[in-house]
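A quick write-up on the structure given underneath.
The values are calculated or read from the model by the stated rules, or taken from the named source; none is laboratory data. Keep in mind it's a predicted model, so treat the numbers as computed, not measured. All Cβ positions, glycine included, derive from the backbone under ideal geometry; neighbour counts span all protein chains shown.
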Amino acid sequence: MRILIVEDEVKTGTYIRKGLTEAGLVVDWVDDGVTGQHLAITEDYDLLILDVMLPGQDGWTVLKNLRRTHSTPVLLLTARDDVDDKVRGLEMGGDDYLVKPFDFAELLARVRSLLRRGHARETSMLQVSDLILDLTRRKATRQGDTILLTAKEFSLLWLLMRRHGEILSRPAIASQVWDMNFDSDTNVVDAAIRRVRAKVDDHYEPKLIHTVRGMGYVLEDRGPPHL
């Protein structure tokens, strides 16, 4: 499980990261809203722990922008024990709310609860248009045809389908599929996209994998081509 902490107080951020890491979780921590929003949208996290008062961009704005494209569970942190703030956070799409100062045992319990809830929402099968990815059987089909994929191609297609409709940059794809920093001199992402596209798109309509010039790739059903 991978968690992102967005918290500008060094003592609090260090405290949470240390505790969650010792609990066996993979944790990233940033201290401003702009960076936090960028990572929350471009990376693949199972949970976001988000402070409300942040430099650069406050937590409310980060949450609002995140909810336009992502359903990542969000635990809000605030120093204000105000009912209006709690209601506002939940209505904007927050999943839980914790007031500072807090006991780490309570934070960990809430984190585990949100992770279980998020995991329960996960499905063993993804489908976009007539493209189906069976995660349990590690099998892809389109229009009933079995599509043979290598392990990396399967991971790439899983990422594109899980985040369908979202433009994924080459660095984001490289970091999540190959666990590597993207080097502009390598074409590993473009080459892999071409291989997957040849298998899932070349002989079928509608085309599902699209290039967004200057930004990256997106998998979505745009309907039949215009005549």
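Descriptive notes on the structure:
- Going through (1) within 21 Å of the chain's Cα centre (by Cα); (2) assigned to a loop (DSSP other than H, G, I, E, B); (3) at pLDDT 90 or above; (4) farther than 24 Å from Gln176 by Cβ one by one, Arg110 falls short only on (2).
- Flag for Asp44 being in contact with a strand residue (DSSP E or B) (Cβ under 8 Å, 6 or more places away or on another chain), at pLDDT below 90 and assigned to a loop (DSSP other than H, G, I, E, B): yes
- Screening Gly94 against (1) surrounded by fewer than 20 Cβ atoms within 10 Å (Cβ to Cβ); (2) assigned to a loop (DSSP other than H, G, I, E, B); (3) not acidic (Asp, Glu) leaves a single unmet condition, (1).
- Filter result for Ile49 (outside any strand (DSSP E or B), touching an Asp or Glu at 6+ places or on another chain (Cβ under 9 Å) and either assigned by TED's automatic domain parsing to the domain that holds Ser169 or among the hydrophobic types (A, V, I, L, M, F, W, C) (or both)): no
- Exactly one residue out of Leu25, Leu4, Leu20, Leu39 is surrounded by 19 or more Cβ atoms within 10 Å (Cβ to Cβ) and farther than 17 Å from Thr78 by Cα, and it is Leu20.
- Any pair with Cβ under 9 angstrom, 6 or more apart, that starts in region 144-156 at a residue that is closer than 22 Å to Ser169 by Cα and ends at one that is among the aromatic types (Phe, Trp, Tyr) and outside any helix (DSSP H, G or I): Lys152/Trp178; Ser155/Trp178
- Checking each residue in region 53-75 for being buried (at least 18 other Cβ atoms within 10 Å of the Cβ) and over 17 Å from the mean Cα position of the chain (by Cα) picks out Leu54, Gly59, Trp60.
- Scanning region 119-153 for residues that are within 14 Å of Ile193 (Cβ to Cβ) and of a type in the set (A, V, I, L, M, F, W, C) gives a single hit, Leu149.
- Residue within region 80-97 that is touching a Leu at 6+ places or on another chain (Cβ under 6 Å), among the acidic types (Asp, Glu) and over 29 Å from Met215 (Cα atoms) present: yes
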